[in-house]
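Note sheet for the following structure.
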């Protein structure tokens, strides 16, 4: 005897007022039914879009890759934990405010070394607008229906409120967040299609982020498939700006449909999860957190040599000083942040991050 899957998330969303209950609607639409694999994939599909400018790629890559190479999987973990904290507690909660203040302080720290590169208001607005429309655009890319009207209103309002917490360089408040969801879509499309130089550091950042995902989740003989998956789902404008080859035509046709089918099946035939990702994270014991952190640190130690072996002498970028300057790492190498950066990062990810286990 078959039973209907237990579906409660959409029912609750439909019972709420998006003008008032936008935090709860955002929680319901974004904080459930996640996994480490999917979170890492979304990170790989998201972050390169934010550093397509010359100044953005310079501030992130710096001289030798910084964290995207030296602590590649730790960076994913911290981003994932931070997003989970903001998404669950919302823009008015003190935990979110404390976390975003940490982001502002981290940017201020790096702005002292790279002055002017954290001063572009539209870069911050793009991050917020992109985040507001991310789920909608991703579902459409997979051939699925977009989000509901209530979710559109709630996501626009949620990220509008969150944008008020961020500061650009010299503690400047942001301005120009779009007036509605459609405005967020237009802002993103205009930002993404605006003519841009093709920063060589940007190629290295995107390559490192894509390679981290593939290195973590795919056996070596299937690394090509992992890269095709990312490229088939990534923004074509980002691939072009970052000088990443587009996906193979067959991959572009098949892989989004395959991912779409998997999500459709889950939406249709599986129970909605009873607990959110952050609730499961915060319930982890110290031993569980330590085990996850140990596995992340192991990946961090292995990744620099792996990445350098593939990209240091990339013939496509012969003569590029940044590719040539990539150190020739050998074996397992452990990099640790400065005390200042470490302390700020701990504030940013709050009690969600597994790094709390030490």
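Read the figures in this text as sums done on the coordinates, not as results from a lab. Keep in mind that what you see is a predicted model, and the values were worked out from it rather than measured. Note that we place each Cβ from the backbone using ideal geometry, even for glycine, and neighbour counts take in every protein chain shown.
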request  = Assuming a ≥ b ≥ c are the square roots of the Cα gyration tensor eigenvalues, decide whether the chain counts as rounded (a/c under 1.5), prolate (otherwise, with a/b larger than b/c) or oblate.
outcome  = rounded
key: For the chain, built as a Gaussian network whose Cα springs stay under 10 Å, the top-fluctuating residue of 231, 139, 342   = 342
request  = Taking the chain as the reference, fit the longest principal axis to its C-alpha atoms, fit the long axis of helix 249-269 to the helix C-alpha atoms, and give the angle between the two in degrees, 0 to 90, nearest 10.
outcome  = 40
ask   = At q = 0.15, 0.20, 0.27 Å⁻¹, what log₁₀ I(q)/I(0) does a Debye calculation on the Cα points of region 165-215 give, no solvent, two decimals?
value = -0.76, -0.97, -0.92
request  = Using only the Cα atoms, work out Rg/Rh for region 74-155, with Rh taken as the Kirkwood radius, to two decimals.
outcome  = 1.03
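Contour minus end-to-end for residue 282 and residue 182, with contour as 0.36 nm per residue of separation and end-to-end as the Cα-Cα distance? Walk me through the numbers before you get to the answer.
Values: separation 100, 0.36 × 100 = 36.00 nm, distance 3.48 nm.
Gain on stretching residue 282 to residue 182: 32.5 nm.
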key: Inter-centroid distance (Cα atoms) of region 293-311 relative to region 143-167, Å   = 35
ask   = Does region 63-211 come out rounded, prolate or oblate by the C-alpha gyration tensor, with a ≥ b ≥ c the root eigenvalues, rounded set by a/c under 1.5 and, if not, prolate when a/b is larger than b/c and oblate if not?
value = rounded
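For n ≥ 4 DSSP H runs only, could you compute -39500 (n - 2.57) per run for the chain, divide by its residues and tell me the 222 nm figure to the nearest 500?
Details: 18 runs with 228 residues, N = 358.
Roughly -20000 deg cm²/dmol at 222 nm, from the helical runs in the chain.
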message = Using only the alpha-carbon atoms, how far is helix 36-46 inclined from the longest principal axis of the chain? Give it as 0 to 90 degrees, nearest 10.
response = 70
note = With label points set 7 Å from each Cα along the Cα-to-Cβ direction at residue 339 and residue 290, the distance between them in nm comes to 2.4
key: Two-site FRET efficiency, residue 37 against residue 171, from Cβ-Cβ distance with R₀ of 25 Å, rounded to 0.05   = 0.10
key: Taking 151, 221, 12 and counting other C-beta atoms within 10 Å, the order from fewest to most   = 221, 12, 151
message = Pairs of alpha-carbon atoms within less than 8 angstrom and 6+ residues apart define the contacts here; what relative contact order does the chain have, in percent?
response = 29
task = Select from 128, 320, 184 the residue whose mean-square fluctuation is largest in a Gaussian network model of the chain (Cα-Cα springs shorter than 10 Å).
result = 320
query = Given springs between every Cα pair under 10 Å in a Gaussian network model of the chain, which of 102, 331, 56 has the largest fluctuation?
reply = 331
Full-extension gain in nm, residue 64 to residue 346, via 0.36 nm per residue minus C-alpha separation = 99.2 nm
ask   = Between region 58-121 and region 170-203, what is the C-alpha centre distance in whole Å?
value = 18
task = Return, ordered by residue number, the residues of region 32-50 whose backbone nitrogen is under 18 Å from a label point located 7 Å along Cα→Cβ of residue 270.
result = 32-43
query = By how many degrees, 0 to 90 and rounded to 10, does the Cα axis of helix 286-311 deviate from the longest principal axis of the chain?
reply = 50
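Rounded, prolate or oblate, given the Cα gyration tensor of region 26-118, with a/c below 1.5 counting as rounded? Spell out each step's value before the answer.
Numbers: a/c = 2.24, a/b = 1.40, b/c = 1.60.
In terms of gyration-tensor shape, oblate.
At a 10 Å Cβ-Cβ cut-off, how would you order 209, 153, fewest neighbours first?
Details: 209 25, 153 17.
Fewest-to-most Cβ neighbours within 10 Å comes out as 153, 209.
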task = Return the tail of the calculated pair distribution for region 211-340, meaning the percent of Cα-Cα pairs more than 17 Å apart.
result = 75
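Going by how many other beta carbons lie within 10 Å of each one, how would you line up 222, 326, 144, 162, fewest first? Don't skip to the answer; put the middle values down first.
Details: 222 13, 326 21, 144 16, 162 24.
Final ranking by Cβ density, sparse to dense: 222, 144, 326, 162.
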request  = Using R₀ = 22 Å, calculate the FRET efficiency as 1/(1 + (r/R₀)^6) where r is the Cβ-Cβ separation of residue 17 and residue 148; round to 0.05.
outcome  = 0.95
message = I'd like the FRET efficiency for residue 257 and residue 237, computed as 1/(1 + (r/R0)^6) with the beta carbon distance as r and R0 of 22 Å, rounded to 0.05.
response = 0.55
inquiry  = So if the hydrodynamic radius of region 105-191 is defined as the Kirkwood radius over C-alpha pairs, what does Stokes-Einstein give as its diffusion coefficient at 20 °C and 1.002 mPa s, in µm² per second?
reply    = 155
